[in-house]
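For reference, the structure discussed in these notes is given below.
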Amino acid sequence: MEIAYLQTPIGIAEFQGDEDGLASVSVLDDEKPIGIIPEVLEDAVYQFREYFEGSRQQFDLKLNPSGTDFQKKVWDALLKIPFGKTISYLELSKQLGDVKAIRAVASANGKNPLWIVVPCHRVIGSNGDLTGYAGGLHRKKWLLEHESPAKQTTLF
């Protein structure tokens, strides 16, 4: 498994992957040496740069996350949330066919190993509140404001 790092406006992104695809992207609070980017991760780093510059709205990467079948089903559903849009955990549970599975859906959302690529940050509470985010609510807020079609001083 190869590893690369990228400085972003909201922390250091850590990429892990190999020839089978991108296995994880996470955000770190501590500093890491950026160093040389392995060839298998060059495209992911390039696309992230474009995302943060505002010129990319959708990722086109070979993905290889590790998770249960249910988690992968939730992550696949997250990929269908359009850039600049949000959905509630309840709506997501309904889309997956079981409104009673809201806690399991929220748990799978929280275990998403592909930060930003699989846009778990686009899932909010039914009342419109920002709720739980593994990367921290300040990052979720930043990402949603970054993706907002109506640029304003603050969204939340």
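Just so you know, all these numbers are worked out from the coordinates, no wet-lab data involved. None of these values were measured; they are calculated from a predicted model. Reconstructed Cβ throughout: ideal geometry from the backbone, glycine too, with neighbour counts over all protein chains shown.
So which aspartates and glutamates pass the test for K73, namely a Cα distance under 17 Å, with those fewer than 8 places away in the same chain ruled out?
Answer for K73, where 17 Å is the Cα cut-off: E91, D98, listed by chain and number.
Report the longest stretch of the chain that contains none of the GluC sites (Glu not before Pro) sitting in a DSSP loop with at most 16 other Cβ atoms within 10 Å.
32-156
Give me a comma-separated list of calculated 3J(HN,Hα) values for the stretch 8-25, in order, Karplus coefficients 6.51, -1.76, 1.60 applied at θ = phi - 60°, integers in Hz, x for any Gly or Pro.
Running phi through 6.51 cos²θ - 1.76 cosθ + 1.60 with θ = phi - 60° gives 10, x, 10, x, 7, 8, 10, 10, 10, x, 8, 4, 7, x, 6, 8, 7, 9 Hz.
Along its principal axes, what span do the Cα atoms of the stretch 68-119 show, with the longest given first and each in whole Å?
The Cα atoms of the stretch 68-119 stretch 26, 23, 13 Å along the principal axes, largest first.
In degrees, nearest 10, range 0 to 90: what is the angle between the Cα axis of helix 137-147 and the longest Cα principal axis of the chain?
90 degrees
Going Cα to Cα from K141, which aspartates and glutamates come in below 14 Å? Please leave out same-chain ones fewer than 8 positions away.
List returned: D129.
What do you get when you divide the Cα radius of gyration of the stretch 1-55 by 2.2 N^0.38 Å, with N the number of residues? Mind showing how you got there, number by number?
Values: Rg = 10.6 Å, N = 55, 2.2 N^0.38 = 10.1 Å.
So the Cα radius of gyration is 1.05 times the expected 2.2 N^0.38 Å.
Under a Cβ-Cβ cut-off of 14 Å, what is the net charge of the residues other than L79 that fall near it, where Lys and Arg count +1 and Asp and Glu count -1?
+4
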